[in-house]
Amino acid sequence: QVQLVESGGGLVQAGESLRLSCAASGIFFSINAMVWYRQAPGKQRELVAAITWGGVTNYADSVKGRFTISIDNARNSVYLQMNSLKPEDTAVYYCKADGVRTLISGTRDYWGQGTQVTVSS
């Protein structure tokens, strides 16, 4: 079984920064990519940023230039540095591991439990 544990959410004021972390634990052979999603109240879950295990990144237009995704392969962890936060960034942020290859479950995706980010104006 693979588990993803997120941390780093909280309440900040507009313009401030937060750093989210997501650590993958369990027994697995490889992960294709790690992705951050967010879901605001009443809205659909949306992709924020993604990074392949090799370090290729992709960002939503709304966060380009403000958010940075990075990966620590040795620690099986992904980070999301969020700068210049805006009230519209308020959401529950979820970490997802894409294409996790395990012996028991084959290859599948896993989700974390989510962490709340609230940005006040």
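The values are calculated or read from the model by the stated rules, or taken from the named source; none is laboratory data. The model shown is predicted, which means the values in this text are computed figures rather than measured ones. Here the Cβ is made from the backbone with ideal geometry for all residues, glycine too, and neighbour counts use every protein chain on show. The accessibility values were calculated without ligands, DNA or RNA, using every heavy atom of the protein model including side chains. Shrake-Rupley method; radii C 1.70, N 1.55, O 1.52, S 1.80 Å.
In segment 72-121, which strands (runs of 3 or more DSSP E) lie fully inside it and hold 1 or more residues that are aliphatic (A, V, I, L, M) and open to solvent by less than 40 Å² (accessible area, probe 1.4 Å)?
On the way: elements: 77-82, 91-102, 106-111, 115-120.
By residue number, 77-82, 91-102, 115-120.
If the Cβ limit is 7 Å and pairs must be 6+ apart or interchain, which residue in segment 86-98 that is touching a residue at least 12 places away in the same chain (Cβ under 8 Å) pairs with which residue that is open to solvent by 40 Å² or more (accessible area, probe 1.4 Å) and of a type in the set (Phe, Trp, Tyr)?
Correct list of pairs: Tyr94/Tyr37; Tyr94/Trp111; Lys96/Tyr37; Lys96/Trp111.
Restricting to segment 62-71, name every residue that is in a strand (DSSP E or B) and more than 17 Å from Trp111 (Cβ to Cβ).
As a first pass, look at segment 62-71 and keep what is in a strand (DSSP E or B): 67-71.
Scanning segment 62-71 gives Phe67, Thr68, Ser70, Ile71.
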